[in-house]
1. Stick to the Cα atoms of the stretch 30-95, pair each with every other, and give me the Kirkwood hydrodynamic radius in Å at one decimal.
2. Pick out which of 49, 58, 66 has the largest mean-square fluctuation in a Gaussian network model of the chain, springs linking Cα atoms closer than 10 Å.
3. Per-residue counts of other Cβ atoms within 10 Å, averaged by peptide: what ranking do you get for 68-79, 32-43, highest first?
4. How large is the helix-only mean residue ellipticity at 222 nm for the chain, computed as the sum of -39500 (n - 2.57) over DSSP H runs with n ≥ 4, divided by its residue count, in deg cm²/dmol to the nearest 500?
5. For a footprinting-style exposure proxy, rank 51, 196, 181, 83 by other Cβ within 10 Å, fewest first.
6. Picking from 65, 189, 176, which is most flexible by a Gaussian network model of the chain using Cα springs under 10 Å?
7. Within the chain, what percent of beta bridges assigned by DSSP are antiparallel, to the nearest 5?
8. I'm checking a number: the convex hull volume of the Cα atoms of the stretch 71-121, normalised per residue, in Å³. What is it?
């Protein structure tokens, strides 16, 4: 699997690729992240409500640490909160029963060898690689970019641009598969077409982000024409 340092700046761009988010797309790790936020908040004398968790979901650990430090009633260094969060997340992921989300394996099998495929995640690199290994899908991805591999995590476009650069594909001809508003903002800012995984078939009325396709599962038959059309086969 390639990292950012293996990118070849002299290569001509291929047509397009498919870039997966990890948490919430490949597997449901939301309980792991929520548990980590709640446990660390408790150590900081904080009680997190639904609105707090909604604001933290999809954020990189560095961003989440900054918000928790800001919300805390006592002065805290962001670096200390980040350390606590990382330790808790590693623990939570390590004991979780990770399962591939519906339709993921089948889609990866179809894309393998036909379209360049990568991962763009706001997880720490060690956590991201651990999840891919536990799910036994590492071999499907030519590139995995974590929050530690780019100057700015999602919602900045950096993670998606980095994956496209390593894969040697054009972002404007590539497809992102996301489940969070933070991730969608990142992919759209990078110029990718977005497939949104969501529990509800319709967005909330106040939603401003627009995905090209909104599905509840990657087994949805509408996914294939989009990924094979926008991300041209090699």
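Every number here is computed from the coordinates shown, using simple stated rules; none is lab data. In this text, all values refer to a predicted model and were calculated from it rather than measured experimentally. We place every Cβ from the backbone using ideal geometry, glycine too, and count neighbours over all the protein chains shown.
1. Numbers: mean 1/r = 0.0869 Å⁻¹.
11.5 Å is the Kirkwood radius here.
2. Comparing 49, 58, 66 in the GNM, the peak value goes to 49.
3. Details: 68-79: 13.2, 32-43: 18.8.
Top of the packing list down: 32-43, 68-79.
4. Details: 9 runs with 96 residues, N = 234.
The helix contribution divided over the chain gives -12500 deg cm²/dmol.
5. Working: 51 8, 196 23, 181 18, 83 14.
If I rank by nearby Cβ atoms, fewest first, I get 51, 83, 181, 196.
6. Comparing 65, 189, 176 in a Gaussian network model of the chain, the most mobile one is 189.
7. On the way: 1 of 20 bridges.
Counting DSSP beta bridges with both partners in the chain, the antiparallel share is about 5 percent.
8. Working: hull volume 7.5 nm³, N = 51.
Convex hull volume per residue, Cα atoms: 146 Å³.
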